[in-house]
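Asker: Below you'll find the structure I mean.
The values are calculated or read from the model by the stated rules, or taken from the named source; none is laboratory data. Since we're looking at a predicted model, the values are computed, not measured. Backbone-built Cβ (ideal geometry, glycine too); neighbour counts: all protein chains shown.
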Amino acid sequence: MPWIGIAVAGLLLTELVLLIAGEDSYPASEAAWWSIVALGGWGIHHYRVLFEDAFAKLVRLTAPGRAGDGDVAEFVAERTQRLFTLRSPVTLVPIVVVLLLWWWQLYELDPPFASGFIDLLSYLFFLPMVVFGVWGSVVDIGAVVAVRQAANKELRAPFSIARQPVMNLIENGWAAAGTVIVMVYLALLTAFWRGPYSLVNELIWWLIVFALFPIFWFLVGTFQIHSMLTTIKRQHLELASARVEELSAALTADTQQATLQDLDTAMAIEAKVQAMKEWPSGFAGVPTFALSLAPMALQVAVIVFDLGEPI
């Protein structure tokens, strides 16, 4: 995988520079920082492919999609351009803001190196980590917003008792993104803990903010998916119930056996629609919920047990 190669190359280059300069190195912390680049880069690329596929299918079930394929392509391209390029203010502004805040934090902590030149390089060292970490977070939030906006535009799914394919895509993508978010948190925790400052209070606040993100991701995603599944189920139930009422109203003493069979079939379909799930299932259910709580539980442990020194 190219992103792993980039992270390994970055780690080796970092170690080489510190070795030549005669400075102390923090290999575990540096590896954790570069893993954020790998996770962020892979996540953004993977999520773009999934987003274009799932979002296009979702839009085709909405008002803009029913207007024609040209409208779908334009709508999807606009959202993709907004989230997945650094030229967009939606991605660029948060990256710049967080980068400046982190550089200020680093200045306050005082870079730990003897050489002023290496101190300066340490500011540049964090550039790719902040870019890919924040960019990935913007993509996650932006995807939720885009799906919500599309789902609010008169969602109309074709009648089917089976789960809509687009919902499987959305659920799987949401669960996968949540897993990556937790992995980034663990990498950030390791980077701080095994770095030159360990878990000082200034860095704890950064961790607390990021530990809340998986919970936010789970709650927002869960209720968004629930809303879409509920809408689809309600529409299907209206169709199924209308068919049952139509056949029931036609019953007479002379009703043919075929009509009775049609009514039985319609009632069976109505019962199956009534049993359709309205909440995420499989890995997107309880396992993802437990995973989303893990960073906050770990963060509480860090604070309670005062893990201020690296092991």
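Asker: Tell me the helices (runs of 4 or more DSSP H) entirely within region 22-105 that contain at least 3 residues that are more than 21 Å from GLU171 (Cβ to Cβ) and at pLDDT 90 or above.
Answerer: In region 22-105, 27-59 are the helices (runs of 4 or more DSSP H) which contain 3 or more residues that are more than 21 Å from GLU171 (Cβ to Cβ) and at pLDDT 90 or above.
Asker: So the check is Cβ under 9 Å with 6+ separation or different chains; which pairs have a first residue in region 88-107 that's in contact (Cβ under 8 Å) with a residue 60 or more places away in the chain and farther than 12 Å from VAL130 by Cα and a second one that's of a type in the set (Lys, Arg) and assigned to a helix (DSSP H, G or I)?
Answerer: none
Asker: Please identify the pairs in which a residue from region 179-206 that is closer than 21 Å to ILE44 by Cα has its Cβ atom under 7 Å from the Cβ atom of a residue that is among the β-branched types (Val, Ile, Thr) and modelled with pLDDT of 85 or more, counting only partners at least 6 apart or on another chain.
Answerer: VAL184/ILE36; ALA187/ILE36; LEU188/ILE36
Asker: Any residue at all in region 191-209 that's surrounded by 18 or more Cβ atoms within 10 Å (Cβ to Cβ), farther than 30 Å from SER122 by Cβ and not basic (Lys, Arg)?
Answerer: No, every residue in region 191-209 fails to be surrounded by 18 or more Cβ atoms within 10 Å (Cβ to Cβ), farther than 30 Å from SER122 by Cβ and not basic (Lys, Arg).
Asker: Then there's this: Looking at ALA176, ALA157, ALA114 in this structure, which one is of a type in the set (Gly, Ala, Ser) and either closer than 24 Å to SER292 by Cβ or at pLDDT 90 or above (or both)? Don't jump to the end; show me each part of the working.
Answerer: Values: ALA157 fails: either closer than 24 Å to SER292 by Cβ or at pLDDT 90 or above (or both); ALA114 fails: either closer than 24 Å to SER292 by Cβ or at pLDDT 90 or above (or both).
Just one listed residue meets the conditions, ALA176.
Asker: Also, quick follow-up: Would you point out the residue of region 278-294, among those that are aromatic (Phe, Trp, Tyr) and surrounded by 15 or more Cβ atoms within 10 Å (Cβ to Cβ), that is modelled with the lowest pLDDT?
Answerer: We begin by selecting, within region 278-294, every residue aromatic (Phe, Trp, Tyr); these are 279, 283, 289.
Narrowing the set further to residues that are surrounded by 15 or more Cβ atoms within 10 Å (Cβ to Cβ) leaves 283, 289.
Details: PHE283: 53, PHE289: 70.
Among those that are aromatic (Phe, Trp, Tyr) and surrounded by 15 or more Cβ atoms within 10 Å (Cβ to Cβ), it is PHE283.
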